[in-house]
1. When you go through 145, 168 one by one, which is the residue that is of a type in the set (A, V, I, L, M, F, W, C) and within 21 Å of the chain's Cα centre (by Cα)?
2. Assuming residue 222 fulfils every condition listed in (1) surrounded by fewer than 18 Cβ atoms within 10 Å (Cβ to Cβ); (2) touching a Lys or Arg at 6+ places or on another chain (Cβ under 7 Å) apart from one, which condition is it?
3. Out of 181, 150, report the one residue that is modelled with pLDDT under 95 and either surrounded by fewer than 18 Cβ atoms within 10 Å (Cβ to Cβ) or among the aromatic types (Phe, Trp, Tyr) (or both).
4. Return the pairs, sorted by first residue and then second, in which the second residue is among the acidic types (Asp, Glu) and surrounded by 16 or more Cβ atoms within 10 Å (Cβ to Cβ), the first residue lies in region 164-185 and is without any contact (Cβ under 8 Å) to a residue 60 or more places away in the chain, the beta carbons are less than 8 Å apart, and the residues are 6+ apart or on different chains.
5. Pairs please, first residue from region 107-119 and closer than 20 Å to residue 60 by Cβ, second anywhere and aromatic (Phe, Trp, Tyr) and at pLDDT 95 or above, Cβ atoms under 9 Å, 6+ apart in sequence or on different chains.
6. For residues in region 15-49 being among the hydrophobic types (A, V, I, L, M, F, W, C) and modelled with pLDDT under 95, which is nearest to residue 257 (Cα to Cα)?
7. Residue by residue through region 40-53, note down the ones that are assigned to a helix (DSSP H, G or I) and in contact with a Leu (Cβ under 9 Å, 6 or more places away or on another chain).
8. I'd like the residue in region 61-118 that is surrounded by 14 or more Cβ atoms within 10 Å (Cβ to Cβ) and aromatic (Phe, Trp, Tyr) and, out of all such residues, is farthest from residue 231 (Cα to Cα).
Amino acid sequence: MANDREILREIWEGKIPIHFQLSPDETDVAPDEFFLLIPRLSYFPLVTEKVRKHFLKFVYNEQQDGEMWLDCNGTPLKWHYPIGVLFDLLAGSDAILPWHITVHFSKFPEEVLFRCPNKDIVEAHFMSSLKEADVLKHRGQVVSAMQKKDHNQLWLGLVNDKFDQFWAVNRRLMEPIPDQDGFKHIPVRCYAEDGTYQQKLVAPTSEVGQKRTLQDLLEDFSTPVRKAVEARTHGVTVPENTPLQWLSEHLSYPDNFLHLCLIYA
C-alpha cells in the first residue's frame, strides 16, 4: 500500500490561489474581485459557495436564479474534473499565479457542461469514480466490503479537507491484491491538450512480471502520428522511470484515479 505518508500529505496539501471576477455581461457595476486558496484535490462546486454569495448580489435580478458556472479564457470549466486537473490542463506548468477565472450566472453552456444543482451530484460522481477505480484495482471487492459510514468518511474527509479522516479509510483502497505485488489494473485517465481524456486497461506489470513504468504508459497512449513524450500531474512533470504501481499509490486523486495531462510531440 501507499507507505510514503510525507508524499501523500504533500499531495493532499496542494493549493491553487485563484482570482475570481464577475463577467461584465452579468452586471452594470464593477464588484470587488474575490480571491481564494483552493485545494487541488477538490471540485469547484465544493469550494465556491463564498464566491457565489459574493457576486450574486451584483447580478441582474433576472439572472439571480441561474446556476453559477466558471470559465478560464473563454473555456468553460468542467466541474466534474478535479480542480488540479483543470489547472494543469488550462494553465500549464508555466502558469502565472493567481489563476484568473470568470464567474457567470447566465447563458449556461449546456453543450459543454453538466448541470450541478447541488453537492449531492458531486458526491454521486465522486463515489461512482471511486467504485470504478476499485473495480480496476481489486475487482470491486474493497468498496463493496465497506459500510455506509466508510463511504461517508471518505466523502466528508474530501469535503472538509481532512487528510487523516480520508486516509484512515482510503488506505484500504491502496492495498495490493493478496498474493500480488500490485493492483490488477491501474486506474488512469490521460488528458490531451483539448481537455478530452482516454482510458485503457493498464497493468502495473508486464506479462513476464516486470514492473511497468510511466514510459510504458506513454507508449500505450502514443499513436503512429502523435507520440506522448511527457506526463504532468499535481503541477509537476513525472519522471519516465517511475513505476506505475507507485504512481497509483501515491499520486492518485481522491477518486483513486491517476489523472495525467499528456504532452504530445
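The values are calculated or read from the model by the stated rules, or taken from the named source; none is laboratory data. Please read these numbers as outputs of a predicted model, since none were measured by experiment. Every residue, glycine as well, gets a Cβ built from its backbone with ideal geometry; the counts of neighbours run over all protein chains shown.
1. Details: 145 fails: within 21 Å of the chain's Cα centre (by Cα).
None of the others qualify; the one that does is 168.
2. That leaves (2) as the condition not met.
3. After applying the criteria, what remains is 181.
4. The qualifying pairs are 169/150.
5. Once the first residue is closer than 20 Å to residue 60 by Cβ and sits in region 107-119, its partners that are aromatic (Phe, Trp, Tyr) and at pLDDT 95 or above give 107/69; 108/69; 109/69.
6. For region 15-49, the residue satisfying everything is 30.
7. 44, 46, 47, 50, 51
8. The extreme case among them is 105.
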